Amino acid sequence: MNTLGFLWAGLAVGLGWIGAGFWEALIVASAFNAILRNPDLRGKFMVYMILFVALDESVAIYWLIVAFQIVGMDPSAMLNPHALVAAWLAVWLPGLAVGIWEWYLAKVSVENMGKNPELSGFYMILTILWMALVESAAIYGLIIAFQLLG
């Protein structure tokens with residue numbers, strides 16, 4: 001592997017996880033605020049928080065997969081550094097947008113659960129559905145990255 005490959009593999013993991021960690025921390029903060037409003041429902045909110053964080057974490061896993069793909073490349077296949085940059089961007093840009101929107105969906109959902117705990121199951125189902133749909137953008141980026149690195 002050449003130096004450029006190491007750089008892009010490191011950036012894929014490092015910047016990807018910094019972004020995912022940031023958005024996940026905001027999801028946790030939103031859940032804590034909901035718990036403050038309704039301390040009796042803390043168990044339910046904790047389950048939702050863990051679930052929403054796990055869904056958001058999938059974007060970081062995509063960056064890890066791309067980093068493994070780059071690290072495992074034959075050095076002679078790295079003659080075109082633009083493919084490495086393009087693959088990194090194909091995962092990073094959609095992943096950033098997905099992380100933002102998944103955080104926002106989780107935040108609004110947990111806030112509404114805190115205000116209307118009787119509707120928490122309804123909010124959870126809708127949030128999971130919409131997070132899965134938003135996640136498809138990151139999956140498309142991952143597929144393009146594989147094509148660029150293949």
Residue order, fewest to most beta carbons within 10 Å, for S120, S30: S120, S30
Which distance in nm do the two modelled labels at I18 and A86 give, with both placed 7 Å along the Cα-to-Cβ direction? 2.6
I need D40, D56 ordered by Cβ neighbour count within 10 Å, fewest first. D40, D56
Of W92, H82, L149, which is farthest towards the positive pole of the range 3-149's charge dipole, taken about the Cα centre with +1 and -1 on the beta-carbons of Lys, Arg and Asp, Glu respectively? W92
Sorted from fewest to most neighbouring beta carbons within 10 Å, what does the list E118, E57, E135 look like? E118, E57, E135
Which value in nm describes the separation of the simple spin-label points at D74 and E111, placed 7 Å from the Cα toward the beta carbon? 5.3
Taking 35 Å as R0, compute the FRET efficiency from the Cβ-Cβ separation of N33 and F6 and round it to 0.05. 0.30
According to the Kirkwood expression over distinct Cα-Cα pairs, how big is the hydrodynamic radius of the chain, in Å? 16.1
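Every read-out reported here was derived from the displayed coordinates using simple, explicitly stated rules and does not represent laboratory data. Note that this is a predicted model, so its numbers are computed, not measured. Methodologically, a virtual Cβ is constructed for each residue, glycine included, from the backbone with ideal geometry; neighbour enumeration extends over all protein chains shown.
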